[in-house]
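Novice: My questions all concern the structure below.
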Amino acid sequence: MAFLAQPTAMFAPAKPPMGMLSADPDTREALALFAANVADRAVLLTDLDGKILFSNNGAERLFRYDPQDLVGRDIATLLRGDAGQPRQHDERAMQFATVRFETCCRRIDHGMFDADVTITPIPGVDRRPKGFGYSIFDISDRKAAERKLAESEAHMRSVLATVPDAMVVIDARGRIQSFSAAAERLFGYCEREVVGSNVNILMPLDHRARHDAYISRYLRTGQQRVIGNGRIVVARRKDGSEFPMELSVGEAKSGNGRIFTGFIRDLSDKQRAELRVRELQDELIHVSRLSAMGTMASTLAHELNQPLTAIAAYLAAAYRLIPEQARDGARVGEAMDAAGREAVRAGDIVRRLRTFVARGENERHVEPLVPLIEDASRLALTGTRECGVRTFYRFDPAADQIFADRVQVQQVLVNLIRNAVDAMGGAAITDLTIATRLDGEMIRISVIDTGSGLRSDQIPRLFEAFETTKPDGLGLGLSISRTIVEAHGGRIWAEPGAIAGSAFHFTLPTAPPVGKS
Ligand code: ADP
């Protein structure tokens, strides 16, 4: 008890500031006992040099020293950093009465813990401090939680900085709380410009008022529109330009109420690509109608030409066979002659039709080959990825341009690629290869598949119209392709694939024929 009694005896102030210290010896002893037994913090008293004069049970628990080993020790050995650190605080304590700070403390085993330290000067006779009271509280748990929070915040920030989709977090009033790096790139605002602003600044002017109404209706009724469902909306950049985006919103309850996180995917590129595919499809549909009509006309012309020629010949022969006197003043003869001339004229019309079809609406230019093939395969392969078709490109760098009608050549490629994909339906390996090769003045383009392959009896009639093995096929694709390729001065043919499937090749000129542009 002598040890416990020591601090109160030594630190009895000349002019006690509070009732407790002016209390009678019993109360003082009780107070000393109380201080000694406080277990949730270390209570230490030092002299002006920092020598420990008193330590309590809490100090023993915190620093793991035997009580008698703490007394007489320099307080600096318990605190982190240079030994001067507590002195600086002591000096401040002399001027400002009480100093409170957070630091690390050292146990007897040199293990460190985070601590909240309060230093209170103990007034002496002349009101100058004659020592200091330390109250040291272990805050490791709180610090660990803070560190964890900071880590998860840093993690969150790094996620926000790297997620490819833009993320915008808003509170229940629609005020922006955070704005990811991708959102900064997408909208052209930086985070500090928008935090605190109404999220409707990211929307076209005519949507703004409606958005405020959406939020308040949701908060009132719980009726969800966007939350939980993705939807396509229009957004507005800082520069006022607008773009389509896919928005999904998640909701969470936070300490300060509800927050909503919007995940935003810019659809401009996707929509541009879709638009491009649609444009290509329109062009191709137009050309394929023309070509289908052309092929029909060409087939009809071919089929009709023979009977028409025969009719003309029979009429001429019949006319000659009628005896001259029976020609009845030329009336029968005139009729037969006229019928014969009409048959010849009909023959001419079909021949002209064939010539027109062969020429077609053919607009040839020097075209870069690779983008042309890429566009055509994108178009032909739309929707085939689900069928597992793998596409390989083998482009000859020397085969970089063709002289051709771009849309017509794309039509040939689309026909060949779609046939290849059809032929691979159900095949174990579904590999499609599109290759180019410079071959003198011509470029050879090959579409090679690993599908069902061709029967040898099929090959001679493959490019004829209406030859098909498909239940819903028209048998016009290859015949149209041949018309187009031949109109360009090229050749088209098919052969069995190296291992399985088939290979279709066609050639096109690299440059306009000499003398034409
Ligand atoms: P369609 O596709 O309407 O049948 P096409 O003229 O494009 O008309 O093709 C004619 C036929 O040629 C097809 O029905 C098919 O039997 C055969 N064919 C075309 N391409 C291939 C291929 N890559 N592999 C196997 N058979 C093919």
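Novice: Of the conditions (1) of a type in the set (Gly, Ala, Ser); (2) within 15 Å of the ligand (Cβ to nearest atom); (3) closer than 19 Å to Val389 by Cα, Ala428 satisfies every one except a single condition; which number is it?
Specialist: (2)
Novice: Can I ask one more? Residue check: is Gly475 more than 16 Å from Leu379 (Cβ to Cβ), assigned to a loop (DSSP other than H, G, I, E, B) and touching a Pro at 6+ places or on another chain (Cβ under 7 Å)?
Specialist: Details: more than 16 Å from Leu379 (Cβ to Cβ): yes; assigned to a loop (DSSP other than H, G, I, E, B): yes; touching a Pro at 6+ places or on another chain (Cβ under 7 Å): no.
So Gly475 fails the test.
Novice: So, in segment 70-93, how many residues would count as being modelled with pLDDT of 80 or more and surrounded by 14 or more Cβ atoms within 10 Å (Cβ to Cβ)?
Specialist: Of all residues in segment 70-93, those modelled with pLDDT of 80 or more come to 70-79.
The next check asks that each one be surrounded by 14 or more Cβ atoms within 10 Å (Cβ to Cβ); those that pass are 70-71, 73-79.
So the count comes out to 9.
Novice: Please go through segment 422-433 and pick out each residue that is in contact with a strand residue (DSSP E or B) (Cβ under 8 Å, 6 or more places away or on another chain) and in a loop (DSSP other than H, G, I, E, B). It would help to see each step written out before you state the result.
Specialist: Of segment 422-433, the ones in contact with a strand residue (DSSP E or B) (Cβ under 8 Å, 6 or more places away or on another chain) are 423-424, 430-433.
Passing the criteria: Met424, Thr430.
Novice: Something else now. Out of everything in segment 478-506 that is within 11 Å of the ligand (Cβ to nearest atom) and in a loop (DSSP other than H, G, I, E, B), what residue ends up being surrounded by the most Cβ atoms within 10 Å (Cβ to Cβ)?
Specialist: Gly501
Novice: Further question on the same structure: From Ile322, Ile311, grab the single residue that is among the β-branched types (Val, Ile, Thr) and modelled with pLDDT of 80 or more. Before the answer, list the steps.
Specialist: On the way: Ile322 fails: modelled with pLDDT of 80 or more.
So the residue among Ile322, Ile311 that is among the β-branched types (Val, Ile, Thr) and modelled with pLDDT of 80 or more is Ile311.
Novice: Checking the conditions here, which among Ala35, Ala59, Ala39 is open to solvent by less than 20 Å² (accessible area, probe 1.4 Å), touching a helix residue (DSSP H, G or I) at 6+ places or on another chain (Cβ under 9 Å) and small (Gly, Ala, Ser)? Even if it seems obvious, please write down each step before you answer.
Specialist: Working: Ala35 fails: open to solvent by less than 20 Å² (accessible area, probe 1.4 Å); Ala39 fails: open to solvent by less than 20 Å² (accessible area, probe 1.4 Å).
After applying the criteria, what remains is Ala59.
Novice: Still on this structure, please answer the following. Exactly one of (1) over 17 Å from Trp493 (Cβ atoms); (2) within 16 Å of the ligand (Cβ to nearest atom) is unmet by Arg394. Its number?
Specialist: Tallying (1) over 17 Å from Trp493 (Cβ atoms); (2) within 16 Å of the ligand (Cβ to nearest atom), Arg394 fails exactly one: (2).
Novice: Now for a different question. Which of the residues that make up segment 159-204 are surrounded by fewer than 15 Cβ atoms within 10 Å (Cβ to Cβ), in a loop (DSSP other than H, G, I, E, B), at negative phi and not charged (D, E, K, R)?
Specialist: Val163, Pro164, Cys190, Val195, Pro204
Novice: Condition check: within 12 Å of the ligand (Cβ to nearest atom), without any contact (Cβ under 8 Å) to a residue 60 or more places away in the chain, among the polar types (S, T, N, Q) and in contact with a strand residue (DSSP E or B) (Cβ under 8 Å, 6 or more places away or on another chain). Does Thr450 satisfy that? Even if it seems obvious, please write down each step before you answer.
Specialist: Numbers: within 12 Å of the ligand (Cβ to nearest atom): yes; without any contact (Cβ under 8 Å) to a residue 60 or more places away in the chain: yes; among the polar types (S, T, N, Q): yes; in contact with a strand residue (DSSP E or B) (Cβ under 8 Å, 6 or more places away or on another chain): yes.
Criteria met by Thr450.
Novice: Can we say Gly473 is buried (at least 22 other Cβ atoms within 10 Å of the Cβ), near the ligand (Cβ under 7 Å from one of its atoms) and modelled with pLDDT under 95? Full working, then the answer.
Specialist: Details: buried (at least 22 other Cβ atoms within 10 Å of the Cβ): no; near the ligand (Cβ under 7 Å from one of its atoms): yes; modelled with pLDDT under 95: yes.
In short, no.
Novice: Among all residue pairs at least 6 apart or on different chains, which show Cβ distances below 7 Å where the first residue, located in segment 411-434, is hydroxyl-bearing (Ser, Thr, Tyr) and the second is open to solvent by less than 30 Å² (accessible area, probe 1.4 Å) and within 11 Å of the ligand (Cβ to nearest atom)?
Specialist: Thr430/Met424
Novice: Hey, can you tell me all the residues within segment 115-158 that are among the aromatic types (Phe, Trp, Tyr) and open to solvent by 60 Å² or more (accessible area, probe 1.4 Å)?
Specialist: Kept after step one, since they are among the aromatic types (Phe, Trp, Tyr), are these residues of segment 115-158: 132, 134, 137.
Within segment 115-158, Phe137 is the sole residue that qualifies.
To keep it simple, each residue is scored yes or no on (1) near the ligand (Cβ under 8 Å from one of its atoms); (2) in a loop (DSSP other than H, G, I, E, B); (3) buried (at least 18 other Cβ atoms within 10 Å of the Cβ).
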residue	(1), (2), (3)
Val412	no, no, yes
Asn415	yes, no, yes
Ala420	yes, no, yes
Ala435	no, no, yes
Ile445	no, no, yes
Asp457	no, yes, no
Phe466	no, yes, no
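The values are calculated or read from the model by the stated rules, or taken from the named source; none is laboratory data. Just so it is clear, the model here is predicted, and its values are computed rather than measured. Neighbour counts are summed over all protein chains in view; Cβ atoms, including those assigned to glycine, are modelled from backbone coordinates with ideal geometry. We work out accessible area using only protein heavy atoms, side chains counted, and drop any ligands, DNA or RNA first. Shrake-Rupley method; radii C 1.70, N 1.55, O 1.52, S 1.80 Å.
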